[in-house]
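Written below as structure tokens is the structure these notes are about.
The values are calculated or read from the model by the stated rules, or taken from the named source; none is laboratory data. None of these values were measured; they are calculated from a predicted model. In this analysis, Cβ positions are derived from the backbone assuming ideal geometry, glycine residues included, and neighbour counts consider all displayed protein chains.
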Amino acid sequence: MAPETTMSVTVPTTAPPPLNVLMIGTGEYTTGFVGGGASGSDKKVGVVGLSLFDLRRRGKVARLGMVGVNGTKFPAIRQHLDTNISKAYNGLDCSFDSYPANDVKDPDAYKTAIDSLKPGDAITIFTPDTTHYPIALYAIERGIHVMITKPAVKTLEHHQALIEAARKHNVYVYIEHHKRFDPAYADAKFKAQKLGDFNYFYSYMSQPKSQLETFKAWAGIDSDISYYLNSHHIDICDSMVSPAGFLPAKVSASAAKGIATSLGCSEATEDTITVMVTWQKQGDPNKIATGVYTASWTAPQKAGVHSNQYFHYMASGGEVRINQAKRGYDVAEDAAGQLVWYNPFYMKYAPDEEGNFSGQTGYGYISFEKFVDGCRSVNAGTLKPTDLDARGLPTLANTIATTAILEAGRRSIDENREIRIEISNGAWKLV
């Protein structure tokens, strides 16, 4: 008689329901619509809207909304999206509910829009830095999941208040640090784990002066170039070294001025900011490292790349160097009058063979899909927000060091002194 065999049967699981998402902010990053037309940057059709429209096509997202301050922009935004997205990608559905009405200007329209949601729905916040905290808190207190563009907030006080609120209301709050999903950066982080103790990190990130026109309304007034660009590499460095016990201990910063102000920006606008951080390994006072992070938005207009971005990481057993500006892909066009380097690894806008959007492998898109999947898992009860923290995703809990360093850098410039970071019983403060 043949022995009994046991067969394993895989029972199909039901996918969690699709997510309703409200997009807060209608500018370059959400729609690609700036100053009455397509942005002059590499985000001519945006990132947020396009990613979520495609995630809806794939069944992961359901109802979409969009909210701004000036409702009179919505007819032109809809026309822009229809022309540049729907007609470009097989009639991709770009419909959304909009707030406020087309004939209304209302800085508090986000409250009405969030009130239209139900607990378990989600919002994305792509607005000036000073608005992140009140919008996020309003949503969290109503049981809404939140994605915030980097930087999360401008102060440690606000960051820790949001962590407390998110835990109280059991919602997922995710910071859109998309560079964590850049395949080269992610692989470098993995390789760095085997290189021994952290010793030195240097990074540079810049964008051309044309961005100052896009950001003129808030540049130097509501925020600065360090919050806007240094936040990328400070977060990358923190994500590489904090698992090994390195935490920031003190910060000093310096700023250059003169170019942005000559272009009509506020007199407070700095051109380039460098932040230097002393990192300390917990439990070993002899293990000290240095991080230097430089960001500028006054790079040359004809640099050929929209964003220079590179870093050098050195540890006791080796080093890593990455230059992600040129990507080995350049295009020469008579109309451009120069060689241009593109970055399809962030957002690939070319359609597939059927005419559909096919940028799902871009790390800009992946960042949104990670958020949507996390929200759906929490809603389905298969994961808790703390489980997502444990995975090392860029959640509020996993990005507090970045906020501490950015605020300390700002205070170091304003107060002309070194700022220390103290951590006691899980609470962070600057002194």
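So here's what we get for this one:
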| read-out | value |
| --- | --- |
| Matching residues, the range 242-279, being surrounded by 18 or more Cβ atoms within 10 Å (Cβ to Cβ), of a type in the set (S, T, N, Q) and assigned to a strand (DSSP E or B) | Thr272, Thr274 |
| Total residues in the range 73-92, condition of a type in the set (S, T, N, Q), loosely packed, with under 13 Cβ neighbours inside 10 Å and either part of a loop (DSSP other than H, G, I, E, B) or touching a Phe, Trp or Tyr at 6+ places or on another chain (Cβ under 6 Å) (or both) | 0 |
| Meets criteria (outside any strand (DSSP E or B) and within 19 Å of Arg180 (Cα to Cα)) for Ile234 | yes |
| Options Ala253, Ala244: the member that is within 19 Å of Ile413 (Cβ to Cβ) and over 20 Å from the mean Cα position of the chain (by Cα) | Ala253 |
| Selection count where residues are surrounded by fewer than 17 Cβ atoms within 10 Å (Cβ to Cβ) and over 19 Å from Ala186 (Cα atoms), scope the range 305-316 | 1 |
| Of the criteria (1) touching a residue at least 40 places away in the same chain (Cβ under 8 Å); (2) assigned to a loop (DSSP other than H, G, I, E, B); (3) small (Gly, Ala, Ser); (4) surrounded by fewer than 18 Cβ atoms within 10 Å (Cβ to Cβ), which one Ala152 fails | (4) |
| Some residue of the range 202-210 being farther than 22 Å from Tyr29 by Cβ and more than 21 Å from the chain's Cα centre (by Cα) | no |
| Filter pass, Tyr174 being in a strand (DSSP E or B) and in contact with a helix residue (DSSP H, G or I) (Cβ under 7 Å, 6 or more places away or on another chain) | yes |
| Tally of residues being of a type in the set (Asp, Glu), over 26 Å from Asn356 (Cβ atoms) and out of contact with any Pro (no Cβ under 9 Å at 6 or more places or on another chain) across the range 58-107 | 1 |
| Scan of the range 213-272 for residues that are out of contact with any helix residue (DSSP H, G or I) (no Cβ under 6 Å at 6 or more places or on another chain) and of a type in the set (Asp, Glu), ordered by number | Glu213, Asp224, Glu270 |
| Enumeration of residues in the range 93-115 that are among the acidic types (Asp, Glu), assigned to a loop (DSSP other than H, G, I, E, B) and under 22 Å from Pro134 (Cα atoms) | Asp106, Asp108 |
| Number of the condition not met by Tyr228 [criteria: (1) outside any helix (DSSP H, G or I); (2) out of contact with any Lys or Arg (no Cβ under 6 Å at 6 or more places or on another chain)] | (1) |
| Unique residue being under 24 Å from the mean Cα position of the chain (by Cα) and in a loop (DSSP other than H, G, I, E, B) when the list is Gly364, Gly392, Gly374 | Gly392 |
| Lys189 more than 25 Å from Thr30 (Cβ to Cβ), in the same structural domain as Ala253 (by TED's automatic domain parsing), part of a loop (DSSP other than H, G, I, E, B) and not β-branched (Val, Ile, Thr) | no |
